[in-house]
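These notes concern the structure reproduced below.
The values are calculated or read from the model by the stated rules, or taken from the named source; none is laboratory data. In this text, all values refer to a predicted model and were calculated from it rather than measured experimentally. Note: ideal-geometry Cβ built from the backbone for every residue, glycine included; neighbour counts use all protein chains shown. Only protein heavy atoms, including side chains, enter the accessible area calculation; ligands, DNA and RNA are left aside. Shrake-Rupley method; radii C 1.70, N 1.55, O 1.52, S 1.80 Å.
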Amino acid sequence: MPQSPLTFLEGRITIDPALCNGKPTLRGKRISVQTILDFLAAGDSEQEILEQYPSLEHDDIQACLRFAALLMSQHYSLSKVA
């Protein structure tokens, strides 16, 4: 039975196992949160990203940043493997 997509941040972030291998995407499009974060980390401006992806909006870029911040606020435990 297929799983229903999960949505976060007013529906801006979607996690659908059938889309982009289950990676978080923007509004169910084939644009992953990781792609946008990678562009920002490489120094691209929000305006450059919006020009490259005209279907995105300012709030989508902000949702990527908020989603990353939410993930980083979680507690992580590290364990040595082999």
Which condition does ILE15 not pass, out of (1) open to solvent by 60 Å² or more (accessible area, probe 1.4 Å); (2) free of Cβ contacts under 8 Å to residues at least 12 places away in the same chain; (3) not small (Gly, Ala, Ser), if it passes all the others?
(1)
Checking the structure you have, find out if any residue of region 8-22 is among the charged types (D, E, K, R) and in contact with a Pro (Cβ under 9 Å, 6 or more places away or on another chain).
yes
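When you go through ASP44, ASP38 one by one, which is the residue that is at pLDDT 95 or above, assigned to a loop (DSSP other than H, G, I, E, B) and among the charged types (D, E, K, R)? Working first, answer last.
Values: ASP38 fails: assigned to a loop (DSSP other than H, G, I, E, B).
It is ASP44.
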Odd one out for ASN21, checked against (1) open to solvent by 80 Å² or more (accessible area, probe 1.4 Å); (2) on the phi > 0 side of the Ramachandran plot; (3) part of a loop (DSSP other than H, G, I, E, B)
(3)
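Tell me, which residue of region 42-72 that is open to solvent by 40 Å² or more (accessible area, probe 1.4 Å) and among the aliphatic types (A, V, I, L, M) is farthest from THR25 (Cα to Cα)? Outline the logic, then answer.
Taking region 42-72 and keeping what is open to solvent by 40 Å² or more (accessible area, probe 1.4 Å), we get 42-48, 51-55, 57-59, 62, 65-66, 69-72.
Restricting the remaining residues to those that are among the aliphatic types (A, V, I, L, M) gives 42, 65, 69-72.
Values: ALA42: 19, LEU65: 13, ALA69: 16, LEU70: 15, LEU71: 15, MET72: 18 Å.
The selected residue is ALA42.
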Hey, among TYR76, TYR53, which residue is of a type in the set (Phe, Trp, Tyr) and modelled with pLDDT under 95?
TYR76
